[in-house]
Structures are given as structure tokens and as C-alpha cells.
Amino acid sequence: MDWTELRTLLKRMQHAAEEVLQQDAAFFEVLYALKTEIDGDIRVQSVMRGLREAGQSTFASFVPRIRFRIRTEHGMLSLPQDKEPMQPAIGKLDKDLRAAASTVILNSAHRKELNSIVSEAINCDDTFGEIASKIEEAGYQIVVCLDFSTYTLINGAANTHPPVPGSSAPPASLRLSAFDLKLLKEMKIKTEG
């Protein structure tokens, strides 16, 4: 099996996993609980307050991504990662916000619960199972990773009016996949301005 075929199978496996998770209510419930935990973190709130006081309009979120890697005798193979849907870090406060959110995620029991839900959901899916069998029969090992990337978009000085405490503005040019939109909707996060 060559890399082109493995890559095609990885894409199909990733799509099958996303499809199955879109139908999993437990996944969205735990994801919402994790989002609430992040939003309630004192360090996250402090950095968000600092951004608002600096006159910045912010939109912060985290998006769990399912990543599949194939272990071969020559190392790990994986699909190239999607570009971040938001701008890269532009300052210390932005980096601090990402770090604070990442710390909450890393230490959260919800993260472990999400890993279990993902493993159970994809292992019960026939389409995923068929694709995984083809890869394993070719002598490769599949590694499933749930990547919790945190993203922040900071728009320049918002406007001449002071920001409303607790408000955030979604970016106008944000491009989200259908999976991202469903995820945000289930978490009761608005995506239109």
C-alpha cells in the first residue's frame, strides 16, 4: 500500500469519525462542559479582561480535531493539518490566553471523558471499522489523537466605544467546516455577527 492510498484512507477515516461524532449527543454535552470550564477559569477571564481593557475585540474558542496517524517502520505518517481558522498569535496577551485555555484543557477530567467517547464512537462505526481494517491488514498501526487546539482572533482597536464586559465579536472572515459549525451550534455559540 503506497502513501497515496494510505492518505486517501486516512481522509475517509477522518470523515467517518467526524460524521459519527456529529450524531453523538454525549460528545457535545461533554464538550460544552469543557467550554464552560475554560470560560470560568480565573486566568482565562483575567487575560480576556486585559484584552478588552487594551481596546481589543476578541473571539476565543477551542476546536477539538480528530487526527489519525499511521505508524510505519519508517515513522509516523499523518495528513497535513488544516490551517488554523483564526489568525496566529499576535501578542503576549493572545499567547497568554491560549496558554491559559490549554492548561485548563490539559488538566480537565472532561478531556479524558471526551477521549473515551471518541474511541467508543469510532470503534462502533462500521465505515470506520472497514477502513481501519484495510490499514491494519497492510501491517500498519493506527494512532487516534484528539487534538484540542485553542484559537484566538484579536481584531485591532475595536471602535471608539469601550467594549461591553463579557462581549466577544466573531471575525467576519472566519471559515469553518460543516463539522465546526455543527459543533459550535451544539455548544450554543453563535457564528454570525
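Here, each number is a calculation from the coordinates, and none is a lab measurement. Note that this is a predicted model, so its numbers are computed, not measured. Heads up, the Cβs are rebuilt from the backbone with ideal geometry, glycines too, and the neighbour counts pull from every protein chain shown.
How many nm is it between the label spots at Ser78 and Arg49, if each spot is 7 Å from the Cα in line with the beta carbon?
3.6 nm
Report the relative contact order of region 1-78, percent, no decimals, based on alpha-carbon pairs under 8 angstrom and at least 6 residues apart.
Computed over region 1-78, the figure is 32 percent.
Taking the highest mean first, how do the peptides 11-21, 105-115 order by number of other beta carbon atoms within 10 angstrom per residue? It would help to have the intermediate numbers written out before the result.
Numbers: 11-21: 18.8, 105-115: 15.5.
Highest to lowest by the protection proxy: 11-21, 105-115.
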